[in-house]
1. Multiply the residue gap between B:GLU242 and B:THR167 by 0.36 nm, knock off their C-alpha separation, and tell me the result in nm, one decimal place.
2. Under the convention of a label 7 Å out along Cα→Cβ, give the distances in nm from A:ALA426 to the same position in every other copy, shortest first.
3. At q = 0.08 Å⁻¹, what is the base-10 log of I(q)/I(0) for the protein assembly as shown according to the Debye formula with one equal point scatterer per Cα and no solvent? Please give it to two decimals.
4. About the Cα centre of the protein assembly as shown, what is the dipole size in debye to 20, counting +1 per Lys and Arg Cβ and -1 per Asp and Glu Cβ, all else neutral?
5. Could you tell me how far the Cα centroid of the range A:262-298 sits from the Cα centroid of the range B:182-261, in Å?
6. Across every pair of different alpha-carbon atoms, what Kirkwood hydrodynamic radius in Å does the range B:1-123 reach?
7. Putting +1 on Lys and Arg Cβ atoms and -1 on Asp and Glu Cβ atoms, find which of A:GLY28, B:ILE77, B:SER136 reaches farthest to the positive end of the dipole of the protein assembly as shown.
8. What gaps in nm, shortest first, separate A:SER25 from its twins in the other copies when you place the label 7 Å past Cα toward the beta carbon?
Protein chains: 2
Amino acid sequence: MKPYNTLTPAELEAERGALAAQHESYKGRGLKLNMTRGVPSLDQLDLSRGLLTCLGGDDYMAEGGLDCRNYGSLDGIPEMKRMFAGILDLEPDEIIVGGNSSLALMFDNIASNMSHGVRDGQAWRVQGQPKFLCPSPGYDRHFSICQYFMIDMIPVAMTAEGPDMDTVEKLVSSDPMIKGMWCVPVFSNPTGIVYSDETVHRIARLKPAAKDFRVYWDNAYAIHQLSGEKRRIPNLVRECAEAGNENMPLVFASFSKVTFSGAAVTCIASSKSNCSYIKQRLSMQTIGPDKLRQLMHAKFFGSADGVYAHMHKHAAILKPKFDLIEEMLSNSLGGLDIAKWTTPEGGYFVSVNAMQGCAKRIVQLCAEAGVSLTPAGATYPYGCDPRDSNIRIAPTFPPLEELRQAMEVFCLSVKLAGVEKQLALAAKA
Amino acid sequence: MKPYNTLTPAELEAERGALAAQHESYKGRGLKLNMTRGVPSLDQLDLSRGLLTCLGGDDYMAEGGLDCRNYGSLDGIPEMKRMFAGILDLEPDEIIVGGNSSLALMFDNIASNMSHGVRDGQAWRVQGQPKFLCPSPGYDRHFSICQYFMIDMIPVAMTAEGPDMDTVEKLVSSDPMIKGMWCVPVFSNPTGIVYSDETVHRIARLKPAAKDFRVYWDNAYAIHQLSGEKRRIPNLVRECAEAGNENMPLVFASFSKVTFSGAAVTCIASSKSNCSYIKQRLSMQTIGPDKLRQLMHAKFFGSADGVYAHMHKHAAILKPKFDLIEEMLSNSLGGLDIAKWTTPEGGYFVSVNAMQGCAKRIVQLCAEAGVSLTPAGATYPYGCDPRDSNIRIAPTFPPLEELRQAMEVFCLSVKLAGVEKQLALAAKA
């Protein structure tokens, strides 16, 4: 197929007619396919079936004679701290194990900094208008937290190596009201890229104008590669310490996409100083976390190595889905010059950049044909993609055959929106 | 024994000598007994052993085809909402099921009102200096939350019927910066009293100067009676609605002292309007609670009636402990006119009022003899008991024989501090 921008208006009209007819036929099929969110599939959940039964009626003691049924142990049981430390290449006393939601840890940390400030810092809210750098496209729930706390969001372009660091360095070093930056360093949401070593080095060596600037390092997909071994990037916590930015990074990790999304464990990792400050607040909030949920995970996996072995099983389920998407996008859209997309080696998403001004239309066309996508714009601060181009595909939940159907509809919609756009451009010209 | 205040200085000196010698002998015994916190005993935890194994590998579906392993279900699974609704005499849609800590729910609600205000209200923090009424003696962790958020605490006397309502009514109706009041209405912490019907009626009919005044109704011991059936008090939520204060009450409940203190479920209950507002924030914080923990509880108990039956087993373990305390306090301190104490019909504490200026000394004497108590003053805002009189006894964790030893030391210490005080008073006179 020739690029759409080389077709004559008549050819475009013919193509639109053919595509619209196909689209019409999909409408009649009553499809109901969901690719809105990064949700594990049922066969992924089944991988952790043993988690439900791995504790017998006498299994409630953690290391050190800790009765997991009772109160206490604010920062987690030793075996779970060690497991997270292993995965993040940190020490157990740099880990605070949380509940079932790492998002809740991020939300609470920002709430804390807004009202009380970082350790030895002033409350963010009393210093002026706090701002965050938001590499975009990014994760909509990060942006929602900023919006909730009325933190101004400054979009920063994402490259294949991570956030555009020239811009990040310039902004962070010049504006003391820039208090934070969101990062999903490994298999980023939604682009699926991995931050380059150079990007991590440069982040660690930032010279923030704000002494209380924090990097929110949401390492949600740290071990979620689609093949091979764990993808390693430089250790941000260590690099920051070397660069004199010891308290700058706040690392978040989660087992939500390792075991059960609804009933896993999470952690926040940072300098010992930050951890002790976070624990001060925590000691006002709770008498302790759900230690039995932690013990279950510790027993089920044994160690970080047990977790890695488990992740290979996830990869075996997920890789065919990502392969299918790449194949269908290439076959259907390749050469048309109406879309670019990422080919991630891990994570939960594929990011598609359609022609400018087409994303909302594509999502609408898909919805009409029974395929739900993440709303267009959701991957940008304030839900506003200035180019109306980016669409996040979340392929994990549907079974392979449903995914194929959904992607047929998606590719068709990208083409239909693309040809419509070319016609509009031609009419203007 | 005659009241200490009728003894001559010589008799007092003789008594002090005898008591000090006894105290000295205890010091040598190397006791290490802990009555600091309201922690369930091991045999209480054993009652819920079946909870650990009640889910098989195929048990993960809640009502309505809800897969508890995956994301979602922000306000809880239907069966758990119904169970809490049953216990609190409310409707399921007035319930939001939380994680394992009701304290965390209270903390977060106050954080939310401080920074964002109640629904349709201004943030508390921007209106001036927020204040809370703190019926005292009360629960130290409530007071810590206020202190953390720099909310001024106004102590209000506790009577046998609940907070002194004349004072509460006067203050709440006159000061628009009074934004909240802490209440533990059933088997109050630490006095163990139950709010009278009249007290609940009067709370429901408050006419707060602040439209955004909230009653934090921590019903932690709602079903924790030592004998007989569930202790019923008027339904605050319904009474408030009748009085036009629909959004005033925020009710908290927890299974922490029903099943496992470290791994239970909790809830916040309120008007539908408040619940929908709370869920707005919750949708920014998390993608859902630990539904498997909820499903476990729903399966283990079946219904609210199953919970009540379970609570009788707790009562059978706890009643002998509370009976022993009453017996030892009566036998040892009765007639000396140096202490008064409560005789609760439920809950986790006994409250002792020693002679003015003696509480710290008693706690110190106990510590010297190997018995740890809640710090004196902890039951008052800012850790400051103006009379230095109140001591909270937490008798649930130690086995009966250890409790007997601990109470021997306690009674001895109350007497020794009392005789010291009488001697000091005699010296002044």
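1. Gain on stretching B:GLU242 to B:THR167: 24.7 nm.
2. Ordered by increasing distance: 11.2 nm.
3. Result of the Debye calculation: -0.78.
4. Details: 88 positive and 94 negative charges, 168 e Å.
The calculation lands at about 800 debye.
5. 30
6. It is 21.2 Å.
7. B:SER136
8. Once sorted, the set of distances for A:SER25 reads 10.0 nm.
Throughout, read-outs are computed from the coordinates displayed, never taken from laboratory work. Given the structure is predicted, the values throughout are model-derived calculations rather than measurements. Virtual Cβ from ideal backbone geometry, glycine too; neighbours counted across all protein chains shown.
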